[in-house]
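Engineer: Provided herewith is a single structure, encoded as structure tokens, for subsequent inquiry.
The values are calculated or read from the model by the stated rules, or taken from the named source; none is laboratory data. Owing to the predicted nature of the structure, the values given are computational and were not obtained by experimental measurement. Here the Cβ is made from the backbone with ideal geometry for all residues, glycine too, and neighbour counts use every protein chain on show. Side chains are part of the model used for accessible areas, which takes the heavy atoms of the whole protein and leaves out ligands, DNA and RNA. Shrake-Rupley method; radii C 1.70, N 1.55, O 1.52, S 1.80 Å.
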Amino acid sequence: MTEAVLSDHVKAGGARARALKGFKLGDVAFHVVTKSSAIAVLLLLGGVIVSLIHGSAPALGQFGFAFLTSQAWNPVTEQFGAAPAIYGTLVTSFLALLIAAPMGFGIAVFLTELCPHVLRRPIGVAIELLAGIPSIIYGIWGMFILAPVLQATLQPWLIAGFADVPVLNDLFAGPPYGIGIATASIILAIMILPLIASISRDVFETVPPVLKEAAYGIGCTKWEVMRSIVAPYTGVGLVGGVMLALGRALGETMAVTFVIGNAHKIHASILGPGTTISATIANEFTEADGAMYTSSLIALGLVLFIITFFVLAASRLLLARIKRQEGR
Amino acid sequence: MSKMFLRATLVAAIIGVAPALAADISGAGATFPYPIYAKWADSYKTQTGNGLNYQSIGSGGGIKQIIANTVTFGATDKPLKAEELEKNGLVQWPQVMGGIVPIINIEGVASEQLVLDGTALAKIFLGEIKTWNDPAIVKLNPNLKLSDTPIAVVHRSDGSGTTFNFTDYLAKVSADWKSKVGSDAAVEWPVGLAAKGNEGVANTVTNTKGSIGYVEYAFAKQNKIAFADLVNKDGKRVAPTMDAFQAAAANADWANAPGYYQILTNQPGEKSWPITAATFILVHKQPTDTAAVGEALKFFDWAFKNGAKEAEALDYIPMPDNVIGMIRTTWATEIKGVDGKLVFQGN
């Protein structure tokens, strides 16, 4: 193509070039807008981290590493330690997963494999409704209904039943307060159950029918199909669902605040009162007077941030490893 | 995470907005007298047109805020000692008194049926008495049918003047309590559940079978929660009534208490309720804003003159007349502006 021809083209297509220029401008603007949105996320995250570290510096400076291991929590003498809150956060979340994960998988298996069609919709809708209940409602319900019931039924039974069994009698030691670590775990389990159930159900539905049918064809039972075909195929998704649920359980605030008992103490018994990081912050931030008190609460926030970060990182690592194994 | 920051932002927003809304008089502190201060402020506003903004953030917060000079007055249930007042340049006086009662939730036991003495109460809160049919409790209540229901102790999760007075009483009646726990606005509780504020303790006790807690009398009365009688210093059983609170208050020797430092727990007298408490106001001796402190003193003077009826209606005990006279003298002699001019223009 010669220069002359090209310039002819340009002259002839002057309007076209302008239009193209306009498109290019639009493209650049679009690029800038989306890119800055993405950068804003990074800036926000960075801002949160910086302000958390800045806010917690006085407390961490004063107490040092002992902040993580100390059980002291005295606003009057300004001695603060995060151990009971960290312990409560991890234990309630762990117990909640222990209850909710098997139940959630069970629900999902039933819904995808065993459930008669008439029941499938009502149960599915019920799970979604359960997921939609605001956490404050769970808190009120837990405090006014669940805790008195547990105090009168399950807790005395556990205390009496395991009274003579070593180790377990410490784990289920009285008195039955109704509210406490165990009750908070049960509430958390109910709250994360729909999450686990619905993710697991979606994941189970991705299994190609041909795989299952082949297994049934060689005479496998339903249990064998679940265990040897569906479970290995969906492992990644299941772990993802559980990790998401763990993330929610770790940060859950209001419902737990109602039923955990707010005691800054580590009890051997899971029936005893305790506290979690988010419950402590929600309870005490408004009345925290004095720099050290506020700073200690912000330091608790930083600890929760780090815990959540590690849970996410661990789940990513786990997922990556499972993916690699599947690739083989 | 996001919840915490939302909360922090809200708190910041409220703190930021408050001064703009505040009337000339602003105060902060104890939750225990909040109902009566709110009532007085309301009546005062209708009569004089002057408002009062009181934030019930707890006694500890009240002390810190007045020392930081962010409010006109601070309010506390835990009086400051004379040397602390001196150090921070503060004047302190008692404004009103009230009673603290043990509240209980035992099946089949109503108000004033159960009686406890100081030793038993201390042992319950130490976790040494674990069930309601413990011999120590049965001995005090031979006519009550008590089961082996485990005792659930409920205490405050926040720093509180109510806690200060309650633990002060326990420390006075139990050497064990004094050496193991001590008394302060927040202590390291050996056992129990914690709840925020008088309201929180009242709620938790209502919902927990076999529980015992402690609240300011008005909270027990208004929420119709069963409370226990106590055995006082003279060994007599008393019920928490206005008369019993007044009997305890009458014995207090305010004249010989520097800075009005006076804790009214475990007072002698046949009719005295053992856990009675005064609640205090703190202002700066040499305020930077003399006009605001002058307005505040006008309000408290008005409350002394006209507020007794409203106080009694809410189950608080007004200060005796002779004490009010002493407080007026304190105002008229000790609170001065930078120019040396008296701030209080009463009488």
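Engineer: If A:P102 meets every condition in (1) closer than 27 Å to A:I307 by Cβ; (2) surrounded by fewer than 13 Cβ atoms within 10 Å (Cβ to Cβ); (3) within 14 Å of chain B (Cβ to nearest Cβ); (4) not hydrophobic (A, V, I, L, M, F, W, C) apart from one, which number is that one?
Structural biologist: (3)
Engineer: Of the residues B:A41, B:A12, B:A68, which single one is modelled with pLDDT under 85 and surrounded by fewer than 24 Cβ atoms within 10 Å (Cβ to Cβ)?
Structural biologist: Values: B:A41 fails: modelled with pLDDT under 85; B:A68 fails: modelled with pLDDT under 85.
Of B:A41, B:A12, B:A68, the one residue that is modelled with pLDDT under 85 and surrounded by fewer than 24 Cβ atoms within 10 Å (Cβ to Cβ) is B:A12.
Engineer: Quickly run through region B:288-318 and pick out the residues that are surrounded by 23 or more Cβ atoms within 10 Å (Cβ to Cβ) and of a type in the set (S, T, Y).
Structural biologist: B:Y316 - this is the single residue of region B:288-318 that is surrounded by 23 or more Cβ atoms within 10 Å (Cβ to Cβ) and of a type in the set (S, T, Y).
Engineer: Could you go through region A:282-303 and let me know if any residue there is more than 10 Å from chain B (Cβ to nearest Cβ), of a type outside the set (S, T, Y), open to solvent by 40 Å² or more (accessible area, probe 1.4 Å) and touching an Asp or Glu at 6+ places or on another chain (Cβ under 7 Å).
Structural biologist: No, because not a single residue in region A:282-303 is more than 10 Å from chain B (Cβ to nearest Cβ), of a type outside the set (S, T, Y), open to solvent by 40 Å² or more (accessible area, probe 1.4 Å) and touching an Asp or Glu at 6+ places or on another chain (Cβ under 7 Å).
Engineer: Please pick out the residue among B:K178, B:K139 that is basic (K, R), within 18 Å of B:L230 (Cα to Cα) and modelled with pLDDT of 90 or more.
Structural biologist: Values: B:K178 fails: within 18 Å of B:L230 (Cα to Cα).
Checking each option against the conditions leaves just B:K139.
Engineer: So, one more: Restricting region B:273-287 to residues that are over 20 Å from the mean Cα position of the chain (by Cα) and open to solvent by less than 40 Å² (accessible area, probe 1.4 Å), which is modelled with the lowest pLDDT?
Structural biologist: The initial filter retains those residues of region B:273-287 that are over 20 Å from the mean Cα position of the chain (by Cα), namely B:284-287.
Then keep just the ones that are open to solvent by less than 40 Å² (accessible area, probe 1.4 Å); that gives B:284, B:287.
Numbers: B:H284: 93, B:P287: 89.
Step by step, filter region B:273-287, then rank; the result is B:P287.
Engineer: Ok, one more. Could you check A:I229 against (1) within 24 Å of the chain's Cα centre (by Cα); (2) farther than 26 Å from A:S56 by Cβ and say which number it fails?
Structural biologist: Among (1) within 24 Å of the chain's Cα centre (by Cα); (2) farther than 26 Å from A:S56 by Cβ, A:I229 violates only (1).
Engineer: Given the criterion away from chain B (no Cβ under 14 Å) and in contact (Cβ under 8 Å) with a residue 60 or more places away in the chain, identify the matching residue among A:L246, A:L250.
Structural biologist: Numbers: A:L250 fails: away from chain B (no Cβ under 14 Å).
Checking each option against the conditions leaves just A:L246.
Engineer: For the subset of region A:54-92 comprising residues that are outside any helix (DSSP H, G or I), over 25 Å from the mean Cα position of the chain (by Cα) and hydrophobic (A, V, I, L, M, F, W, C), which member is surrounded by the fewest Cβ atoms within 10 Å (Cβ to Cβ)?
Structural biologist: Residues of region A:54-92 outside any helix (DSSP H, G or I): A:64-65, A:70-82.
From what's left, over 25 Å from the mean Cα position of the chain (by Cα): A:64-65, A:70-80.
Now narrow it down to the ones that are hydrophobic (A, V, I, L, M, F, W, C): A:65, A:72-73, A:76, A:80.
Numbers: A:F65: 8, A:A72: 16, A:W73: 23, A:V76: 17, A:F80: 25.
The qualifying residue surrounded by the fewest Cβ atoms within 10 Å (Cβ to Cβ) is A:F65.
Engineer: Scan region B:202-217 residue by residue and report those that are among the β-branched types (V, I, T), crowded, with 21+ Cβ neighbours inside 10 Å and within 11 Å of chain A (Cβ to nearest Cβ). Step through it out loud before you land on a result.
Structural biologist: Within region B:202-217, the subset among the β-branched types (V, I, T) is B:204-206, B:208, B:212, B:215.
Next, from what is left, pick out any that are crowded, with 21+ Cβ neighbours inside 10 Å: B:204-205, B:208, B:212, B:215.
Those that are among the β-branched types (V, I, T), crowded, with 21+ Cβ neighbours inside 10 Å and within 11 Å of chain A (Cβ to nearest Cβ): B:T204, B:T208.
Engineer: May I ask you to say which residue of B:D148, B:D158, B:D184, B:D176 is touching a strand residue (DSSP E or B) at 6+ places or on another chain (Cβ under 9 Å) and either within 19 Å of B:T265 (Cα to Cα) or in the same structural domain as B:G61 (by TED's automatic domain parsing) (or both)? It would help to see each step written out before you state the result.
Structural biologist: Working: B:D148 fails: either within 19 Å of B:T265 (Cα to Cα) or in the same structural domain as B:G61 (by TED's automatic domain parsing) (or both); B:D158 fails: either within 19 Å of B:T265 (Cα to Cα) or in the same structural domain as B:G61 (by TED's automatic domain parsing) (or both); B:D176 fails: touching a strand residue (DSSP E or B) at 6+ places or on another chain (Cβ under 9 Å).
B:D184 is the lone residue from the list that is touching a strand residue (DSSP E or B) at 6+ places or on another chain (Cβ under 9 Å) and either within 19 Å of B:T265 (Cα to Cα) or in the same structural domain as B:G61 (by TED's automatic domain parsing) (or both).
Engineer: Next question, about the same structure. Any residue at all in region A:251-266 that's farther than 30 Å from B:V201 by Cβ and at pLDDT 90 or above? Spell out how you get there, then give the answer.
Structural biologist: As a first pass, look at region A:251-266 and keep what is farther than 30 Å from B:V201 by Cβ: none.
So far as region A:251-266 goes, no, none of its residues is farther than 30 Å from B:V201 by Cβ and at pLDDT 90 or above.
Engineer: If you scan region B:314-324, which residues turn out to be modelled with pLDDT of 90 or more and assigned to a helix (DSSP H, G or I)?
Structural biologist: Residue satisfying the conditions is B:I324 alone.
Engineer: Restricting the search to region B:120-153, which residues are touching a residue at least 60 places away in the same chain (Cβ under 8 Å) and within 14 Å of chain A (Cβ to nearest Cβ)? Talk me through it step by step, then tell me what you get.
Structural biologist: Step one: filter region B:120-153 for residues touching a residue at least 60 places away in the same chain (Cβ under 8 Å), giving B:121, B:124-127, B:132, B:140, B:149-153.
Matches in region B:120-153: B:I124, B:F125, B:G127, B:W132, B:T149, B:P150, B:I151, B:A152, B:V153.
Engineer: Here is a follow-up. Quick one: count up the residues across region B:44-59 that are within 14 Å of another protein chain (Cβ to nearest Cβ) and open to solvent by 30 Å² or more (accessible area, probe 1.4 Å). Reasoning before the result, please.
Structural biologist: Here is the first cut: in region B:44-59, the ones within 14 Å of another protein chain (Cβ to nearest Cβ) are B:55-59.
Now restrict to residues that are open to solvent by 30 Å² or more (accessible area, probe 1.4 Å): B:55-57.
Of the residues in region B:44-59, 3 are within 14 Å of another protein chain (Cβ to nearest Cβ) and open to solvent by 30 Å² or more (accessible area, probe 1.4 Å).
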